[in-house]
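Below is one structure, written out as structure tokens; comments come after it.
The values are calculated or read from the model by the stated rules, or taken from the named source; none is laboratory data. In this text the structure is predicted, and so the values were computed from the model without any measurement. We place every Cβ from the backbone using ideal geometry, glycine too, and count neighbours over all the protein chains shown. Quick note on the areas: whole protein, heavy atoms, side chains included, nothing else; ligands and nucleic acids left out. Shrake-Rupley method; radii C 1.70, N 1.55, O 1.52, S 1.80 Å.
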Amino acid sequence: MTDDNIKQAIIGIIADIAPDEDTSNIDPAVRLRDQMDLDSMDFLDIVMELRKRYGVHVPDTDYQHLATLDSCVEYLRDKMAGKQLVS
Amino acid sequence: MADYDAIIIGAGMSGLAAGIRLAMFDKRVVVLERHYVWGGLNSFYRFKGHQFDVGLHAMTNYAPRGAKGLPLSRLLKQLRIRHDELDLYEQGFSAVSFPGVKLRFSNDFELLRGEVARAFPRQVDGFDALSREVREFNELDLDAPQQDARPVVRRHITDPVLEDMIFCPLMYYGSAREHDMDWDQFVVMFKSIFFEGFSRPQQGVRHILKLLIDRYRKAGGELRLKTGVSRILTDGNRATGVELDNGETLTAETVLSSAGLMETGKLCGSAGLRPAIAGDLGSPAVVDKMSTTSAGGTPALPGKLSFTETISVLDRPAKNLGIEETIIFFSNTERFQYAQPADDVDTSSGVICMPGNFKLPAEPNDHLVRITNIANYDRWAALGNAGFQPASGAGLRPAPQALDETSAANAGGTPALPYYTAKQHWYERSCADVLGHIADFRPHVTLVDMFTPRTIRHYTGHEGGAVYGSPQKLRTGKTDVEGLYIIGTDQGFLGIIGAALSGISMANRWVLQKAPEPAA
Ligand SMILES: Cc1cc2nc3c(=O)[nH]c(=O)nc-3n(C[C@H](O)[C@H](O)[C@H](O)COP(=O)(O)OP(=O)(O)OC[C@H]3O[C@@H](n4cnc5c(N)ncnc54)[C@H](O)[C@@H]3O)c2cc1C
């Protein structure tokens with residue numbers, strides 16, 4: 001999966017979790033929490049969707065790596081290698 | 001392997017919301033409901049060709065689309081519902097009406113603040129300080145020490161009438177306790193009613209329930225109606241499943257129960273929760289965190305607060321009679337009493353709801369006035385027992401002032417059962433005792449229904465018809481039986497939004513966040 005695919009994967013998940021949010025203009029360097037109404041319950045959902053859609057397991061202690069789109073890409077690059085984007 | 005990852009007892013707001021969360025993440029889940037429709041305390045029914053909601057006056061916790069960090073926004077995201085799907089319309093304005101003084105409020109907090117400044121000029125600084133203290137309190141902190149609300153409120157509000165006027169709506173819409181509230185519950189209710197406010201869907205609660213059921217089914221969840229749970233099965237100290245009214249057994253890793261704390265205890269039989277919950281309430285070892293009440297020691301279970309609700313169908317919109325408010329919380333005495341009455345019903349205070357006075361886009365099907373009063377379950381339960389439904393064709397009559405030819409003809413068939421006689425009597429009292437607050441609508445009533453604490457007990461299984469459940473709440477949801485958790489009213493969050501959030505957070509905490517299996 002390319003870095004761009006990983007971003008799309010995360011954005012796709014956020015769009016499903018928060019259907020009222022505008023996900024078209026997310027700044028990849030800025031904390032997701034600061035751009036959108038996402039709380040810890042929502043991050044739990046992102047993690048669970050990653051598992052459900054991509055079989056990727058994110059332990060509690062690694063939640064911090066999901067803070068921005070850029071950090072998501074860094075953290076997930078190896079874990080998502082070879083996976084197909086699910087829409 | 002167990003039949004299910006989770007069994008949920010009850011298809012009310014909490015059970016359905018919990019079910020959606022679990023089904024969404026591919027848990028094998030079944031919701032078991034004894035009644036033949038879903039919705040629990042907030043369901044709907046047909047009566048003489050009219051569609052009535054059981055409970056819904058208003059949805060509290062209004063939040064506009066895009067509002068951040070509010071309970072409604074949290075709920076929508078967790079259930080993946082778009083704001084516009086709820087089809088919510090805000091209230092016009094509501095009021096707290098006491099003898100000689102009236103405070104209007106709306107979804108704009110400034111209205112209430114201005115009204116307090118007008119009616120109680122010397123109290124407004126205190127009111128501001130109270131609002132600040134409420135705003136800053138984190139009601140979701142389950143470890144905050146328990147305290148009573150009145151002493152906190154009295155630090156800021158020194159006029160007892162204003163104090164009671166603030167408590168009146170908060171108690172009516174969410175207190176399982178008499179006389180006082182727990183401070184955290186006071187904060188929850190203050191925010192949900194005064195800061196956030198009221199709205200409702202055009203089609204009432206059935207619209208919300210349909211959304212929930214659709215989500216649940218689409219996510220692959222199973223719902224069984226007319227399926228009562230008669231027993232929770234345990235192995236040692238662990239819940240292993242349930243036995244149904246028909247004798248069938250189902251096994252599960254986890255059981256989430258919205259039947260109520262005491263009711264769930266009873267389902268465990270002598271081996272389980274029962275001695276713990278029904279017998280030894282005070283013991284901290286029993287359940288890991290119960291809210292305790294300091295007023296008068298440990299209150300008796302079940303909850304003592306039940307209600308009657310009268311529904312009057314009018315021949316014209318309430319507005320045409322000069323009734324502008326959406327909801328009025330009233331008291332006919334200067335000091336408001338929130339307690340189980342000695343008589344069948346206490347009509348000296350209550351809630352009057354005009355569902356047609358929400359800012360609805362279309363005329364509602366019926367023009368309604370609904371009145372809620374506090375009632376005494378034991379007295380209603382003791383009334384004549386011959387049949388639950390009146391014989392066909394019979395039923396409540398509009399108050400005498402409203403009798404027209406057709407209803408007079410119907411009235412002849414009313415069976416002289418004590419229960420129905422009592423209903424007729426209290427229906428009339430309930431209408432007569434609101435006339436200090438709204439115009440006399442009685443000549444315009446064409447159809448009447450009324451339910452009593454007995455109705456609530458019958459349809460929802462809550463002991464004592466206690467609408468807000470037990471005064472003891474189990475905030476963590478965790479019982480002393482492993483794998484058995486309390487959701488909904490008795491977990492501590494109530495109302496439509498509260499109960500649904502309760503189901504969501506308990507499903508997250510006790511099922512979804514349980515040590516995840518390693519990735520495949
Ligand atoms: C008259 C009235 C007016 C109200 N007005 C409003 C309002 O305007 N706004 C608002 O937000 N809230 C209102 N409420 C409150 C709101 O309806 C409740 O707080 C909320 O619905 C509680 O949901 P719950 O899931 O906790 O419990 P419940 O709705 O009680 O759900 C429990 C379910 O479990 C089922 N059950 C119980 N025992 C068993 C068993 N052994 N086996 C199988 N099933 C079982 C019951 O049949 C029930 O369906 C009102 C309630 C009433 C009664």
Handout entry: Near pairs, Cβ below 8 angstrom, 6+ apart or cross-chain, from segment B:225-250 (closer than 14 Å to B:ARG34 by Cβ) to any residue that is of a type in the set (Lys, Arg)
Key = B:LYS226/B:ARG34; B:THR227/B:ARG34; B:GLY228/B:ARG34; B:VAL229/B:ARG34; B:VAL242/B:ARG231; B:GLU243/B:ARG231; B:ASP245/B:ARG34
Fill in the blank from the handout: Checked segment B:159-190 for anything of a type in the set (Phe, Trp, Tyr), more than 16 Å from the ligand (Cβ to nearest atom) and either within 14 Å of chain A (Cβ to nearest Cβ) or without any contact (Cβ under 8 Å) to a residue 60 or more places away in the chain (or both); matches are B:TRP183, B:PHE186
Exercise for the section: Could you tell me whether any residue of segment B:340-348 is open to solvent by 40 Å² or more (accessible area, probe 1.4 Å), modelled with pLDDT of 95 or more and touching a Gly at 6+ places or on another chain (Cβ under 8 Å)? Expected result: no
Exercise for the section: Kindly provide the set of residues from segment B:455-472 that are open to solvent by 20 Å² or more (accessible area, probe 1.4 Å) and within 26 Å of B:MET181 (Cα to Cα), ordered by number. Expected result: B:THR455, B:ARG457, B:THR460, B:GLY461, B:GLU463, B:VAL467, B:TYR468
Exercise for the section: Scan (1) touching a helix residue (DSSP H, G or I) at 6+ places or on another chain (Cβ under 6 Å); (2) part of a loop (DSSP other than H, G, I, E, B); (3) buried (at least 21 other Cβ atoms within 10 Å of the Cβ) for the single condition B:GLY220 breaks and write down its number. Expected result: (3)
Problem - Candidate set: segment B:19-76, residues that are among the basic types (Lys, Arg), more than 15 Å from the ligand (Cβ to nearest atom) and more than 23 Å from B:GLY92 (Cβ to Cβ); chosen: the one surrounded by the fewest Cβ atoms within 10 Å (Cβ to Cβ) - result: B:ARG46
Practice task
Residue by residue through segment B:136-168, note down the ones that are part of a loop (DSSP other than H, G, I, E, B), open to solvent by 60 Å² or more (accessible area, probe 1.4 Å) and not charged (D, E, K, R).
Solution key: B:ASN138, B:LEU140, B:PRO145, B:GLN147, B:THR158
Exercise for the section: Among the numbered conditions (1) within 11 Å of the ligand (Cβ to nearest atom); (2) surrounded by fewer than 23 Cβ atoms within 10 Å (Cβ to Cβ); (3) of a type in the set (A, V, I, L, M), tell me where B:LEU111 comes up short. Expected result: (1)
Handout entry: Lone unmet requirement of (1) under 16 Å from B:GLY69 (Cα atoms); (2) crowded, with 17+ Cβ neighbours inside 10 Å; (3) over 13 Å from the mean Cα position of the chain (by Cα) for A:ASP34
Key = (2)
Exercise for the section: Show the residue pairs that are 6+ apart or on different chains and have beta-carbon atoms under 8 Å apart, the first residue being within segment B:71-91 and without any contact (Cβ under 8 Å) to a residue 60 or more places away in the chain and at the interface with chain A (Cβ under 10 Å from one of its Cβ atoms), the second being β-branched (Val, Ile, Thr) and open to solvent by 30 Å² or more (accessible area, probe 1.4 Å). Expected result: none
Completion exercise
Flagged pairs (Cβ under 7 angstrom, 6 or more apart or on separate chains; first in segment B:349-364, among the basic types (Lys, Arg); second surrounded by fewer than 23 Cβ atoms within 10 Å (Cβ to Cβ)) are B:LYS359/B:TYR89; B:LYS359/B:GLU90; B:LYS359/B:GLY92
Exercise for the section: Determine if segment B:488-507 includes at least one residue that is more than 30 Å from B:THR326 (Cβ to Cβ) and within 14 Å of chain A (Cβ to nearest Cβ). Expected result: yes
Practice task
Kindly check whether there is at least one residue in segment B:53-65 that is modelled with pLDDT of 95 or more and assigned to a strand (DSSP E or B).
Solution key: yes
Fill in the blank from the handout: Contact list, first residue from segment B:1-17 and within 14 Å of chain A (Cβ to nearest Cβ) and closer than 30 Å to B:VAL54 by Cα, second anywhere and open to solvent by less than 10 Å² (accessible area, probe 1.4 Å) and within 10 Å of the ligand (Cβ to nearest atom), beta-carbon distance below 7 Å, six or more apart or interchain, is B:ALA17/B:ALA500; B:ALA17/B:GLY503
